[in-house]
1. Of everything in region 81-92, what is under 16 Å from Gly44 (Cα atoms) and modelled with pLDDT of 95 or more? Give them in sequence order.
2. Taking region 69-99 on its own, how many of its residues are part of a strand (DSSP E or B), touching a residue at least 60 places away in the same chain (Cβ under 8 Å) and touching a helix residue (DSSP H, G or I) at 6+ places or on another chain (Cβ under 6 Å)?
3. Quick one: is Val78 at pLDDT 95 or above, in contact with a Lys or Arg (Cβ under 7 Å, 6 or more places away or on another chain) and of a type in the set (Val, Ile, Thr)?
4. Which condition breaks for Ile61 when tested against (1) under 14 Å from Val29 (Cβ atoms); (2) modelled with pLDDT of 95 or more?
Amino acid sequence: MPDHDGHEKKSRAARPRGTPPELPMDGEVPLGSVEAGRRVRLVGIEAGRGLASRLAAMGLIPGAELLVVSNRGKGPAVVEVKGARLALGRGMTQNLRVR
């Protein structure tokens, strides 16, 4: 259906409740958008040297496999890496790219 400028509008099909959102073409998403129970691989860290160093000390390096234990969209997300559980602040999870 054309909009007021004559362009076609694209409608979004509703996805069933509980279905994970579609991944972008490159398959990378911020860790903060991953649902609890999913296993993902860390592929990138968008942070300064200080934060990247702190994350590396906790085992969060590119290539690490993570299990998202808890991620409710508010407050910290809890992930498991190499058998250790870590609580990561919401802002930090947005800087971690996973696939």
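The values are calculated or read from the model by the stated rules, or taken from the named source; none is laboratory data. Bear in mind that the values here come from a model prediction, so they are computed numbers and not experimental data. With ideal geometry, Cβ positions are generated from the backbone for all residues, glycine too; neighbour counts draw on all protein chains shown.
1. First pass over region 81-92, keeping only residues under 16 Å from Gly44 (Cα atoms): 81, 88, 91-92.
Correct list: Val81, Leu88.
2. 2
3. Numbers: at pLDDT 95 or above: yes; in contact with a Lys or Arg (Cβ under 7 Å, 6 or more places away or on another chain): yes; of a type in the set (Val, Ile, Thr): yes.
In short, yes.
4. Here Ile61 meets the rest and fails (1).
The rows are residues; the columns are (1) in a loop (DSSP other than H, G, I, E, B); (2) modelled with pLDDT under 95; (3) among the hydrophobic types (A, V, I, L, M, F, W, C).
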{"site": "Thr19", "(1), (2), (3)": "yes, yes, no"}
{"site": "Glu22", "(1), (2), (3)": "yes, yes, no"}
{"site": "Asp26", "(1), (2), (3)": "yes, yes, no"}
{"site": "Val43", "(1), (2), (3)": "no, no, yes"}
{"site": "Leu51", "(1), (2), (3)": "no, yes, yes"}
{"site": "Leu67", "(1), (2), (3)": "no, no, yes"}
